[in-house]
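The structure appears right after this line, and notes come after that.
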Amino acid sequence: MFSRIARPAAAAAAGLGRGLATTAQNNAKVAVLGASGGIGQPLSLLLKNSPLVSRLSLYDIAHTPGVAADLSHIETRAHVKGFLGPEQLPECLKGCNVVVIPAGVPRKPGMTRDDLFNTNASIVASLTSACAKHCPEAMICIISNPVNSTIPITSEIFKKHGVYNPNRIFGVTTLDIIRANTFVAELKGLDPARVSVPVIGGHAGKTIIPLISQCTPKVDFPQDQLEKLTGRIQEAGTEVVKAKAGAGSATLSMAYAGARFVFSLVDAMNGKEGVIECSFVRSEETESPYFSTPLLLGKNGIEKNLGIGKISPFEEKMIAEAMSELKASIKKGEEFAKNFK
Ligand SMILES: NC(=O)c1ccc[n+]([C@@H]2O[C@H](COP(=O)([O-])OP(=O)(O)OC[C@H]3O[C@@H](n4cnc5c(N)ncnc54)[C@H](O)[C@@H]3O)[C@@H](O)[C@H]2O)c1
């Protein structure tokens, strides 16, 4: 039996990947789409620094020649190549095992993630159409917001191309887990690297549901403090958007989170056992057709959905309250994809 408390990739991300999986093939071919952006650049740096990656393909509509030239001088084995503009996208994607997508506009103060829908929905739909055509077997990791809609969009696009596999399409919610771990550690005076809080549901406001009752080590908070902590985790992205005052949203912590997720996925693809991450995926765990829960990862993506597990009445109430927003965001994404040409 594997443990729900595992922190499979935190060490990899914290140690920038060095020294892990020495017996594995370490030949992951990873593409980053939106590689020149605030998330794309530091994420590409972390991936370049990992011995798990042998080829790093960087795509964007701007600046990739420079970003690729810069990263290619780092003394690690991943071969880096930049690809610029839609005509170079097919070449970028050919042979990739993992595609990470942080392309799209970020929030400015006062905006919700859903306010990004009009711009980012078409960006994600066109990039994932290219993935469905040129690397249909790859693991697709979507960072672009609103994640609650961009994952349904990706699924519908893959269905349109007849290559849909729900075990290979992931909404990256890892930043919510990282924030929950950090905030709990701060409050309890613990080492954050040893704290593990599953965060389920979706990736926007009230749909972000931290399961503090399942935290390891076990922690207890009075109800008022628990509510404050939960609210801070749900609004942590907005905390960064406000602090950046118009210069964007979380980029560095998101790059760390994205790298952690990719390292977990690649470790599992390489045959490492017991790798667990939460991610927003196609799901039958609740009445919402997509939902994030802890997932056991394996060679072919999701090996087993570990489900919600035992939760408190407070957490049950949060799930019930998230349902209508989640379902509406999912429907919006599905409708968009159906009409996308
Ligand atoms: N999942 C999460 O937890 C999380 C956290 C933070 C931010 N985000 C989201 O990530 C996205 C990127 O944020 P950022 O701060 O890096 O933004 P950014 O504006 O700094 O970078 C976005 C990059 O995407 C590129 N791009 C735009 N259209 C493209 C296209 N059609 N093809 C390829 N590249 C394209 C831009 O040129 C730019 O380099 C936003 O949607 C943001 O909301 C998600």
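The values are calculated or read from the model by the stated rules, or taken from the named source; none is laboratory data. These figures come from a predicted structure and were not determined experimentally. Virtual Cβ from ideal backbone geometry, glycine too; neighbours counted across all protein chains shown. The area values use the complete protein model at the heavy-atom level, side chains included, leaving out ligands, DNA and RNA. Shrake-Rupley method; radii C 1.70, N 1.55, O 1.52, S 1.80 Å.
Apply the Debye scattering formula to the range 138-273, with a single equal point scatterer on each alpha-carbon and no solvent, then give log10 I(q)/I(0) at q = 0.09, 0.12, 0.22 Å⁻¹. Listed by q, the Debye log ratios stand at -0.31, -0.54, -1.39. Take the Cβ atoms of ARG77 and SER122, set R0 to 41 Å, and the FRET efficiency comes out at 0.70. For LYS242, a cut-off of 16 angstrom between C-alpha atoms picks up these lysines, skipping any fewer than 8 places away in its own chain: LYS108. Mind telling me which of TYR290, TYR164, TYR256 comes out most flexible in a GNM of the chain, alpha-carbon contacts under 10 Å? Result for the chain, Cα springs under 10 Å: TYR164 fluctuates most.
Within the listed set ASP70, ASP114, ASP60, the residue fluctuating most in the Gaussian network model of the chain (springs between alpha-carbon atoms under 10 angstrom) is ASP70.
For the range 259-322, the equivalent ellipsoid built from the Cα gyration tensor has semi-axes of 25, 11, 10 Å, listed from largest to smallest.
Considering all projection directions equally, how large on average is the shadow of the alpha-carbon convex hull of the range 73-232, in square nanometres? Please list the in-between numbers first.
Numbers: hull surface 49.2 nm².
The number I arrive at for the range 73-232 is 12.3 nm².
When its C-alpha radius of gyration is set against 2.2 N^0.38 Å (N residues), the chain gives a value of 0.92.
Distance between the modelled labels on ARG232 and ILE61, one decimal in nanometres: 3.8 nm (7 Å Cα→Cβ projection). In this rough spin-label picture, where each label sits 7 Å from Cα along the Cβ direction, the THR216-SER54 distance is 3.3 nm.
Computed from Cα atoms, the angle from the helix 223-234 axis to the main principal axis of the chain rounds to 10 degrees. Among the protein heavy atoms of the range 205-281, carbon and sulfur supply 57% of the accessible surface, probe 1.4 Å, non-protein parts ignored. Computed over the chain with a Gaussian network model linking Cα atoms closer than 10 Å, the most mobile of GLU316, GLU285, GLU75 is GLU75.
Overall, the accessible surface of the range 43-198 at a probe of 1.4 angstrom is composed of carbon and sulfur to the extent of 54 percent. Computed from phi, the 3J(HN,Hα) profile of the range 138-143 under the Karplus parametrisation 6.51, -1.76, 1.60 (θ = phi - 60°) reads 5, 6, 10, 10, 9, 9 Hz, with x in place of Gly and Pro.
Quick check on the chain: helices-only [θ] at 222 nm, where DSSP H runs of length 4 and up contribute -39,500 (n - 2.57) each and the sum goes over total residues. Nearest 500, please. Walk me through the intermediate numbers first.
On the way: 11 runs with 141 residues, N = 341.
Using -39500 (n - 2.57) per qualifying helix, the result is -13000 deg cm²/dmol.
Set Lys and Arg Cβ to +1 and Asp and Glu Cβ to -1, take the dipole of the chain about its Cα centre, and tell me which of GLY104, VAL240, SER324 lies farthest positive. Sorting the options by dipole projection puts first GLY104. Once both axes come from the Cα atoms, what is the angle between helix 313-339 and the longest principal axis of the chain, in degrees from 0 to 90, rounded to 10? So the inclination is approximately 30 degrees.
Applying a DSSP loop filter and a limit of 15 other Cβ atoms within 10 Å to the trypsin sites (Lys or Arg not before Pro) in the range 204-291 leaves LYS218.
My understanding is that a pair violates if its Cα-Cα distance is over 29 Å; which of LYS304/LYS332; LYS81/LYS206; LYS48/LYS327; LYS160/LYS244 do that in this structure?
The answer is LYS81/LYS206; LYS48/LYS327; LYS160/LYS244.
Axis of helix 117-134 versus longest Cα principal axis of the chain: the two differ by about 50°, to the nearest ten degrees.
Residues whose amide H comes within less than 5 Å of that of ILE200, counting only those at least five positions distant or on another chain, are ILE209, LEU211 (H built at 1.01 Å from N in the peptide plane).
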